[in-house]
1. Enumerate the helices (runs of 4 or more DSSP H) found wholly within region 203-315, keeping only those where 3 or more residues are of a type in the set (Phe, Trp, Tyr).
2. Keeping to region 40-70, report how many residues are of a type in the set (Gly, Ala, Ser), assigned to a loop (DSSP other than H, G, I, E, B) and on the phi < 0 side of the Ramachandran plot.
3. Does ALA172 count as within 25 Å of ALA273 (Cβ to Cβ) and crowded, with 20+ Cβ neighbours inside 10 Å?
4. Given the conditions (1) surrounded by fewer than 20 Cβ atoms within 10 Å (Cβ to Cβ); (2) acidic (Asp, Glu); (3) in contact with a Gly (Cβ under 8 Å, 6 or more places away or on another chain), which single one is not true for ASP228?
5. List the residue pairs whose Cβ atoms are under 9 Å apart, where the first residue sits in region 165-189 and is closer than 11 Å to GLY281 by Cβ, the second is among the basic types (Lys, Arg) and surrounded by fewer than 17 Cβ atoms within 10 Å (Cβ to Cβ), and the two are 6 or more positions apart or on different chains.
6. How many residues, within region 172-209, are closer than 20 Å to LEU233 by Cα and not polar (S, T, N, Q)?
7. Return the total of residues in region 226-272 being within 23 Å of ARG302 (Cα to Cα) and of a type in the set (Gly, Ala, Ser).
8. Output the residues belonging to region 25-39 that are touching a strand residue (DSSP E or B) at 6+ places or on another chain (Cβ under 8 Å), assigned to a loop (DSSP other than H, G, I, E, B) and not charged (D, E, K, R).
Amino acid sequence: MTRNIFGLEYLLDATPEVQEIQARRPGIARFAIERVTETDARKAVFIGRYDGHPAELTLLRGPKGPERARALRRDLQRLALHMGHGPFRVPPLVAAWPGEGLLVQRLIEGRPMSQALAGPGRDEMIGRAGSWLALLVSTERRQLSFGGRYWLRRRGEELAAKRTGRTDRRLADELSNRLEAFLPTVAGRPITQARCHGDFQPRNLLLGDGAVYGLALGDPGWMPLVRDIARFLVALRVGHPRAETADIRFGIHGADLDALLAPIAAVPSRERALHLPFFIGVELAGAFALCPPDLPEAEALREAIGHFLGGSGPPTL
């Protein structure tokens with residue numbers, strides 16, 4: 001949704017940074033860089049060939065890069081046990097040098113799921129996405145008491161920093177107030193956390209080899225499962241909206257919500273009814289804070305927020 005423009009300094013530094021490591025570590029030199037696909041202060045991703053085979057190299061930057069690389073390697077090794085084959089997968093780990101902050105995974109060829117959402121098979125595609133997430137979190141979950149104040153503070157700061165016109169400023173303020181009003185309905189209640197990566201979106205799912213692959217896995221950690229679900233739903237609503245608008249729930253297309261949740265049994269009904277609307281608001285706020293006002297998606301985002309704000313009665317689905 002945001003413009004695909006890298007910080008120039010990170011883009012210029014990315015390839016020389018890896019080449020300097022390759023000069024010291026002959027094993028890493030077996031990766032031949034072809035292009036940079038992502039780079040910022042925390043991470044750079046390269047497409048190339050490792051021992052002649054298509055591969056993707058991830059460089060985790062900063063003083064905690066080695067620690068983050070070790071955590072991601074452990075998580076990829078864990079996921080390989082139940083997502084290394086079958087219909088729902090993650091790309092296999094080929095090599096890793098955690099001390100250098102580097103990991104190499106097999107490059108998967110296929111079609112982005114985001115390109116398959118416009119046709120009659122939309123509900124099936126969204127259901128497959130839900131099944132992928134359900135398998136991802138199937139082995140490590142826990143229940144904790146939900147606080148929620150962290151999310152209000154984080155999104156409030158992001159919205160306050162948004163430089164925009166008067167109309168968008170009013171919308172941002174109303175959204176902050178609405179989330180504050182939601183908090184008593186969820187604070188102190190049990191919530192399901194899972195080990196996930198916070199990047200569950202249509203653009204990060206690929207259809208290939210007869211399977212659904214999850215790409216661009218970020219730092220693993222314990223997060224509310226409904227937060228990943230809300231992020232996916234907001235990405236659908238803003239980037240891939242349905243033509244029909246008869247059933248809208250808190251700014252989200254009802255059919256999308258039903259298709260995604262159907263295979264995810266790990267989310268109890270109380271969390272679907274209470275925590276999910278709260279996190280839809282959280283993700284709408286995050287997207288709104290980052291979205292430049294002149295992008296085509298900005299108007300869809302304003303419309304979704306308007307509907308979210310217009311909800312009356314108890315904040316439940």
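Every number here is computed from the coordinates shown, using simple stated rules; none is lab data. What you see is a predicted model, and the numbers here were worked out from it, not measured in a lab. Please note: Cβ atoms are built from the backbone with ideal geometry, for glycine as well, and neighbour counts cover all protein chains shown.
1. In region 203-315, 276-290 are the helices (runs of 4 or more DSSP H) which contain 3 or more residues that are of a type in the set (Phe, Trp, Tyr).
2. 1
3. Considered against the rule, which asks whether it is within 25 Å of ALA273 (Cβ to Cβ) and crowded, with 20+ Cβ neighbours inside 10 Å, ALA172 comes out as no.
4. Exception for ASP228: condition (1).
5. Pairs found: LEU183/ARG149.
6. Selection size over region 172-209: 19.
7. Total satisfying the criteria: 8.
8. GLY27
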